[in-house]
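Engineer: Would you mind keeping the following structure in view while I ask a few things?
The values are calculated or read from the model by the stated rules, or taken from the named source; none is laboratory data. A quick note: this is a predicted structure, and the numbers were derived from the prediction, not measured. Heads up, the Cβs are rebuilt from the backbone with ideal geometry, glycines too, and the neighbour counts pull from every protein chain shown. Ligands, DNA and RNA are excluded from the accessible area calculation, which covers all protein heavy atoms including side chains. Shrake-Rupley method; radii C 1.70, N 1.55, O 1.52, S 1.80 Å.
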Amino acid sequence: MLLNDLIGRKLSIMVSAVPSTVGYIVMGGAQATWMLHLGRFLTGIAGGMTAASIPVYISEISHPKVRGALGSCPQITAVFGALSLYALGLVVPWQWLAVVGEIPALLMLLLLCFMPDSPRYLIICGKQKQAHEALEFLRGPDSDFMTEFNRIELSISSQGKIRWSDLTTPFYYKPILISIVMRFLQQMTGITPILVYLEPIFHKTDVFLEPKYDAALVGAIRLLSVVIAASLMDKAGRKALLYTSGFLMFLATLTMTMYSHTTPCPSGNLTDTVLPTDVIAQQGEAAFNPITLIPLISTMVFIFGYAMGWGPITWLLMSEILPLGARGVASGLCVGVSWLTAFVLSHVFIHVVETYGLFVPFLFFSVVCVVNIIFTAVCVPETRNRSLEEIENYFRTGRSFTIIDT
């Protein structure tokens, strides 16, 4: 939250390469459990820094017509990276997998040296000349970048320095609340506990797949859906994808609710239900029940729906609608709320399943999906093809994206 505004978006991302690289080195050479914990802690710090900085940086340097597609790129690359590591994990030891993890961080650090900082951040810092050069580099010398530059300057000059009292005005509290609630609802759909406990969920519902197939299947589905979302983001719009995503997740969780309620899915310790791979393979070959395709397909539909809407779009909208004066701190707050919710929900999920079985949490997730659809209809603005200044004007006036030049 603090580095975004203190040293800028670009430098915040570059600084994250330090704990990331050190963390992977520690894990790669780990001789004890505490070294693995330390390495994960450092890479977690790096992940938090990039999660709060990359969406903001991309939204501030992108042209409105391609901001949706570019805003989906972090999700695409994250999913592609996970899928690549799944594949590498089948052929190389985990120590070398940690070494491989250093390569993207170092490559990012090198390539960012050739990228300009956010023009909006530079204008806030009073570096108009550098901001002018940055915007010219991003848009091209033959484009009408001066019109955009003047609008950015006008928008920033009209805001002034943010004070605590300003947070009581709709211009600030509405977009901040929308962003925080969206990140909260994103996690309340159950995506994190479903992904974390996918293998024991499959076992409880009699879906027998080897763990390596679980990971590969999830990775492939997520990659496909995020690519579809990126291609449609600037054509269909954000809200249309959010509606579609929410509806698909609702159907999937409702199906899982009915399946787990009508089919014996015993309660008990969730993490103790995982069987050895050879036992799973033997049981799968011995008796395949076609009805077990229902939870398998439902889970894949849920992951597909999430990854094409509520997954990438909440990150994109956060960076689009947050006011520039509070964007750095507020984006960090949103990410914090998201991961805190994921942490708490993952632990609560275990206890609920152990006490009541899978029926109750999936019923709750289906209700949350309905809430998400209603929230999208009532509170979320359509930002497709709108500049960040037009979006700020929408919250300033409460009714119009159009900026009237004075």
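Engineer: Using a Förster distance of 22 angstrom, determine the FRET efficiency expected from the C-beta separation of Ala216 and Ile25, and round it to 0.05.
Structural biologist: 0.20
Engineer: Just to verify a number: FRET efficiency for Thr168 and Val91, C-beta to C-beta distance, R0 = 60 Å, to 0.05?
Structural biologist: So, using R0 = 60 Å, E works out to roughly 0.60.
Engineer: What length, rounded to one decimal in nm, is gained on full extension from Phe375 through to Ala82, with 0.36 nm per residue of separation minus their alpha-carbon distance?
Structural biologist: Length difference between fully extended and current span is 102.4 nm.
Engineer: Shifting gears a bit: Taking the highest mean first, how do the peptides 371-379, 148-156 order by number of other beta carbon atoms within 10 angstrom per residue?
Structural biologist: Put in order of decreasing packing, that is 148-156, 371-379.
Engineer: In nm, what is the difference between 0.36 nm times the number of residues separating Val344 and Ala32 and their Cα-Cα distance?
Structural biologist: 109.5 nm
Engineer: Here's another thing I want to ask about it. For the ranges 342-350, 289-297, 246-254, 195-203, what's the packing order if you count other beta-carbon atoms within 10 Å of each residue, average per peptide, and put the highest first?
Structural biologist: Most protected by this proxy first, the peptides run 246-254, 195-203, 342-350, 289-297.
Engineer: According to the Kirkwood expression over distinct Cα-Cα pairs, how big is the hydrodynamic radius of the chain, in Å?
Structural biologist: 22.7
Engineer: Sticking with this structure for a sec: Are there DSSP H segments in the chain that both extend 20 Å or more along their axis (alpha-carbon positions) and score a mean Kyte-Doolittle hydropathy of at least 0.0? List them, or say none.
Structural biologist: Within the chain the helices that satisfy the rule are 33-61, 67-89, 94-112, 170-188, 211-232, 238-262, 293-308, 327-356, 359-379.
Engineer: Let me ask something additional. Based on alpha-carbon centroids, what's the gap between region 93-144 and region 292-322 in Å, whole number please?
Structural biologist: 28
Engineer: Also, quick follow-up: Any chance you could list the semi-axes, whole Å, largest first, of the equivalent ellipsoid that the Cα gyration tensor gives for region 58-210, using √(5λ)? Walk me through the numbers on the way to the answer.
Structural biologist: Working: eigenvalues 318, 124, 37 Å².
In descending order, the three semi-axes are 40, 25, 14 Å.
Engineer: Arrange the residues Ser157, Ser72 by how much accessible surface each exposes, largest first, with a 1.4 angstrom probe.
Structural biologist: Largest accessible area first, the list is Ser157, Ser72.
Engineer: Right, something else. So, by mean Cβ neighbours within 10 angstrom, what's the order for 106-119, 58-71 with the highest one leading?
Structural biologist: On the way: 106-119: 15.2, 58-71: 20.4.
For the peptides 106-119, 58-71, the packing ranking is 58-71, 106-119.
Engineer: Just reorder Trp96, Trp315 by solvent-accessible area, largest first, 1.4 Å probe, all chains present. Please report the intermediate quantities before stating the final value.
Structural biologist: Values: Trp96 160, Trp315 40 Å².
My answer, sorted largest first, is Trp96, Trp315.
Engineer: Hey, another quick one. Compare Gln130, Gln31, Gln186 in a GNM of the chain, Cα atoms joined below 10 Å, and give the one with the largest fluctuation.
Structural biologist: Per the Cα network of the chain with a 10 Å cutoff, Gln31 tops the list.
Engineer: Using unit Cβ charges (K, R positive; D, E negative) and no other charged atoms, how large, in debye to the nearest 20, is the dipole of the chain about its Cα centre? Before the final figure, lay out each step's value.
Structural biologist: Details: 25 positive and 26 negative charges, 174 e Å.
Around 840 debye, computed over the chain.
Engineer: How much length, in nm to one decimal, is gained on full extension between His261 and Lys65, taken as 0.36 nm per residue of separation minus their Cα-Cα distance?
Structural biologist: In short, 66.0 nm is gained.
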